[in-house]
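A.B. asks: Encoded as structure tokens, here's the structure I'll be asking about.
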Amino acid sequence: MITVPIKVMLTSRSHIRQLKWAKHRPKSKFSQAKILSFQFSAYHCTTNTDSDVKAARSYCSKLIQKFDSPSYTLQTFIPASARDVYLSIRALNVELARIPDIISNSTIGALRMQFWRDNVNKIFQEIPQKEPVSILLSYALASLRSRHPGIQTEMMKAWCIKIINAREQYMDNKPYASIDALETYAENTYSNLLYITSAALPVHSLIVDHVASHIGKAHGITAVLRGLPLIAFPSTPNHHFNSGNVRKNVGEKYDRRRESVVLPLDIMAETGVKEEDVFRRGSTAPGLKDAVFTVATRANDHLLTAKEMLKKIKLGQDLGHEYDHVHEKNNDFTDSSSKSSSAADEIDKSFGVFMPAVMIGLWLQRLENVDFDIFKPELRTRDWRLPWKAYWAYSRRTL
């Protein structure tokens with residue numbers, strides 16, 4: 001039996017509110033990491049109330065709206081029954097992506113990654129947590145189990161852990177050894193986000209995951225490209241999806257501790273890009289546009305493959321290539337919602353999961369319009385066309 005001190009019991013609600021909304025977090029990066037890693041772990045509970053869940057949902061929604069506005073917009077196309085899973089894992093992705101910005105050294109970063117890894121393990125063990133993202137994910141999984149008794153969620157847990165591990169591997173903004181390494185990172189992060197969402201529908205299908213794999217790889221690669229200027233010139237502590245700030249003058253002072261050119265090293269060698277040239281000359285660095293073009297082409301190839309697959313599925317044609325991850329351990333690709341579902345039915349039910357493809361296509365188009373100048377500020381602004389383009393694609397079931 002665990003004994004909780006009376007003082008903790010009496011003051012827990014006020015502390016939880018502070019942790020949930022992060023309004024009174026300390027300014028010191030070290031203090032912030034230290035307090036969060038220990039205080040969050042102290043707040044376990046027997047159950048979470050409806051108000052806890054509502055507050056957690058609001059927290060996750062606002063976090064995504066602030067740091068990942070395309071995902072906030074695209075939640076409309078996720079069925080209501082799976083939306084809490086969608087919000088919680090997208091919020092988790094934001095929390096993980098922000099860790100490099102709010103830590104002072106790699107040790108603290110590793111502690112924070114372990115905190116999230118422990119949280120995920122406890123969530124899937126059905127041990128209630130008092131951290132907003134964990135509260136919402138726990139609630140969403142409990143709802144999924146109640147609607148579909150006997151449903152297996154072990155793969156969802158494995159995908160969550162893969163996301164954390166991949167984020168930790170590149171937490172120090174080191175460059176990718178090759179374009180294939182970048183693609184693997186994209187698979188282990190953004191593709192896994194899509195797998196978790198489709199599993200929450202619930203649909204567990206080879207065809208759906210195959211399409212999602214290509215879209216996720218395209219998403220991950222474009223996310224790295226989009227963040228490149230803000231990692232090369234870290235003048236602000238925020239290099240995520242909604243950030244439009246980048247050091248405008250190459251000679252301007254900035255923090256050089258974390259500067260990095262995160263293009264794949266094999267592509268940099270092939271196009272003659274030198275990291276120091278990028279730091280000195282920015283967008284005019286020799287070979288930079290060629291390198292960006294090559295990496296963007298890989299993302300576009302995955303996007304085109306996903307679109308072509310959807311066309312072939314509608315026509316009942318063979319896809320022409322095998323899913324790369326079909327033989328992974330514990331992958332049993334049978335549709336959990338209906339054993340007799342056709343591929344077209346599975347795609348139709350899961351189509352909302354594929355909607356990031358619309359955002360990816362729009363961004364790659366904008367990149368081409370600026371002649372692959374990755375430093376153009378318009379590439380880091382919100383695209384006003386996304387809502388209606390997404391609606392058009394969803395209503396017609398075409399990307």
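A.B. asks: TYR176's amide H: which non-local residues (gap 5+, or another chain) put their own amide H closer than 5 Å, with H modeled 1.01 Å from N in plane and none for Pro or chain starts?
C.D. replies: For TYR176, the qualifying residues are LEU265.
A.B. asks: Another question, then. Using a Förster distance of 35 Å, how high is the FRET efficiency between ASP371 and ASP345, based on the Cβ-Cβ distance and rounded to 0.05?
C.D. replies: So the FRET efficiency works out to roughly 0.25.
A.B. asks: Okay, moving on. Once you place label points 7 Å from the Cα toward the Cβ at THR297 and GLU270, how far apart are they in nm?
C.D. replies: Roughly 0.7 nm, to one decimal.
A.B. asks: On to the next question. Hey, can you rank 353-361, 367-375, 385-393 by average C-beta count inside 10 Å, highest first?
C.D. replies: Ranking, from highest mean packing down: 353-361, 367-375, 385-393.
A.B. asks: Using 1/(1 + (r/R0)^6) with R0 = 30 angstrom and r between the beta carbons of LYS314 and ASP180, what's the FRET efficiency to the nearest 0.05?
C.D. replies: Calculated value: 0.45.
A.B. asks: Could you run the Karplus curve 6.51 cos²θ - 1.76 cosθ + 1.60 with θ = phi - 60° over the range 150-157 and give me ³J(HN,Hα) per residue in whole Hz, x for Gly and Pro?
C.D. replies: x, 5, 8, 10, 4, 5, 4, 5
A.B. asks: Here is a follow-up. How would the range 98-198 be classified by its alpha-carbon gyration tensor: rounded, prolate or oblate, with rounded meaning a/c under 1.5 and the a/b versus b/c comparison settling the rest?
C.D. replies: Oblate is the answer for the range 98-198, as a/c is 1.5 or above yet b/c matches or exceeds a/b.
A.B. asks: Under a crude label model (7 Å from the Cα following the beta-carbon direction), how far is THR284 from LYS66 in nanometres?
C.D. replies: In this crude label model, THR284 to LYS66 measures out at 3.8 nm.
A.B. asks: I've got another one for you. Mind checking the full-extension length gain between ASP101 and ARG145? Use 0.36 nm per residue of separation minus the Cα-Cα distance, one decimal, nm.
C.D. replies: So the extension gain works out to 12.3 nm.
Read the figures in this text as sums done on the coordinates, not as results from a lab. Values in this document were obtained by computation on a predicted structure and should not be read as measured data. Reconstructed Cβ throughout: ideal geometry from the backbone, glycine too, with neighbour counts over all protein chains shown.
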